[in-house]
1. Counting only residues that are within 30 Å of residue 253 (Cβ to Cβ) and out of contact with any strand residue (DSSP E or B) (no Cβ under 8 Å at 6 or more places or on another chain), give me the helices (runs of 4 or more DSSP H) lying completely in segment 272-384 with at least 3 of them.
2. If we scan segment 217-237, do we find a residue that is closer than 21 Å to residue 39 by Cα, surrounded by fewer than 21 Cβ atoms within 10 Å (Cβ to Cβ) and either at pLDDT below 90 or under 22 Å from the mean Cα position of the chain (by Cα) (or both)?
3. Testing residue 318 on (1) under 21 Å from residue 399 (Cβ atoms); (2) modelled with pLDDT under 90; (3) in contact with a helix residue (DSSP H, G or I) (Cβ under 7 Å, 6 or more places away or on another chain), one condition comes back false. Which one is that?
4. So for segment 337-350 (the condition being more than 18 Å from residue 241 (Cα to Cα) and at pLDDT 90 or above), does at least one residue qualify?
5. Of the residues 74, 53, only one is closer than 19 Å to residue 121 by Cβ and more than 17 Å from the chain's Cα centre (by Cα); which?
6. Looking at segment 54-66, can you tell me whether even one residue there is crowded, with 24+ Cβ neighbours inside 10 Å and under 22 Å from residue 149 (Cβ atoms)?
7. Looking only at helices (runs of 4 or more DSSP H) that lie completely in segment 83-173, which have at least 2 residues being within 19 Å of residue 60 (Cα to Cα) and at pLDDT below 90?
8. Being free of Cβ contacts under 8 Å to residues at least 40 places away in the same chain and closer than 28 Å to residue 373 by Cα is the requirement here; does residue 248 meet it?
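The values are calculated or read from the model by the stated rules, or taken from the named source; none is laboratory data. Keep in mind that what you see is a predicted model, and the values were worked out from it rather than measured. Quick reminder, even Gly has a Cβ in these numbers, built from the backbone with ideal geometry, and neighbours come from all protein chains shown.
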C-alpha cells in the first residue's frame, strides 16, 4: 500500500504524509489553536464568575452529554453528510458558541448546563467529522506518524496559546480579559473553517442506529476492549481538565499560572509525541505500559504536596511520559476497526461507538468529582478523582497491549453475547 509516497507493508509506519493528511493536519491545527487558547479559560470563567467548582463541573457535564447526543444525531439524521461538511459545520457552531460567551459575559454562570450542551453539540459535530476524515484519508502506514505530529502540534499550541491567553487576562483584567481571549479563539476557528474547504470530500457516514453502535463492543471482543480503554482514557482527560484547573487555582489564584502549567505539560510532550508516533509495532505495547506506569507514579507526587511547584513537576513528568500510551493506542483503535471486513460501510458506527465511550468516561469522572465534593474538601475530592484516573490508565495499557498483539490480522472476534 502506498502512503505518503512510500511503500508500506506489514503495518510499518511511514515517515511522510500524503497531501490529504497534510491538509487535515493544517485545518485541524487551526481548530486546535482555538481550543488551546480558550479551553482552560472557558472552564475557569465558569469557576470565576460563579465561585463554584460544582458549577464548572456542571458545564463540563453538559458539554460531554452534548457530545454524545450530537454524535448520535449525526449518524441518524444526517447519514449522507460528508465528513468534511460535518467538520466545517462543527467549526461554525463552535464559533457561534464563542460569540455567545462574548455577548453574555459574566451572565454565563447561570447557564452552565445549556451552554455546555450547546458547546458539546458543536464539538461533537466537529470531532465526528474530524475523526471520520482521519479514517478516510489516512493510509494505514500514515496513522502513527500523523498522530505523533498531531499530538506534537497540539502540544506546541498548548504551550504558546495558554501562556498568551493567561498573560492577556492578567494584563487586561476582569471580564474584558476573558472576552479578548475568547475573541482570539473565535478567529482561530474561523481560519480553520476557511482552510477546511480544501479538505478531501468523502462519502457520508451512513445511517447507524444508536442501539447498533452500542452493540459493537458486545459483538466484537477486541472492539469491546478498545471501547473500555477509550472510556477510561476519557475519564482521565476529564479528571485532568477540571481537577488541575482547580488545583492550580487553589494554589495560586492566578490566571497566568494556569497558562504556565498548561505550557509546561505540553512542552514536555512535544518530542515524546513525535517519538511515540514512530514506534515500530513491536515496541508499541512497551510504550503504552511505560506511559501508564509513569503517569500513575507522577500522580503520587500530588499526594505528597499539592503546592504549585509540585503541580508543575507533575505536569512535566506526565507530559513527558503519557504520549507513550496515548499515541500508540490511537493507532491500535483504528487498526481494530480495520479488522472488521465491513469497516468501510460501518465506519460511522465505529466513530459513534468511540465517541459514546469517550464521553461516558468523561461524564463518569465528573460524576465522581461531584460525589466526592459532597463528602470531602475540594482538594481531597480532586486528588481522589486524579488517583482513580491514574489507576485506570494501567487498565488502558493492558487492554491496548492485548489488542495490539493481534491487531491488523483481519479477524473479527465475536463474544458470546
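1. Helices (runs of 4 or more DSSP H) meeting the threshold: 284-304, 308-321, 343-375.
2. Yes; the residues of segment 217-237 include at least one that is closer than 21 Å to residue 39 by Cα, surrounded by fewer than 21 Cβ atoms within 10 Å (Cβ to Cβ) and either at pLDDT below 90 or under 22 Å from the mean Cα position of the chain (by Cα) (or both).
3. For residue 318, the exception is condition (2).
4. Within segment 337-350 (the criterion being more than 18 Å from residue 241 (Cα to Cα) and at pLDDT 90 or above), the answer is no, since none of the residues qualifies.
5. Working: 53 fails: closer than 19 Å to residue 121 by Cβ.
Of 74, 53, the one residue that is closer than 19 Å to residue 121 by Cβ and more than 17 Å from the chain's Cα centre (by Cα) is 74.
6. No - not one qualifying residue is present in segment 54-66.
7. 112-137
8. no
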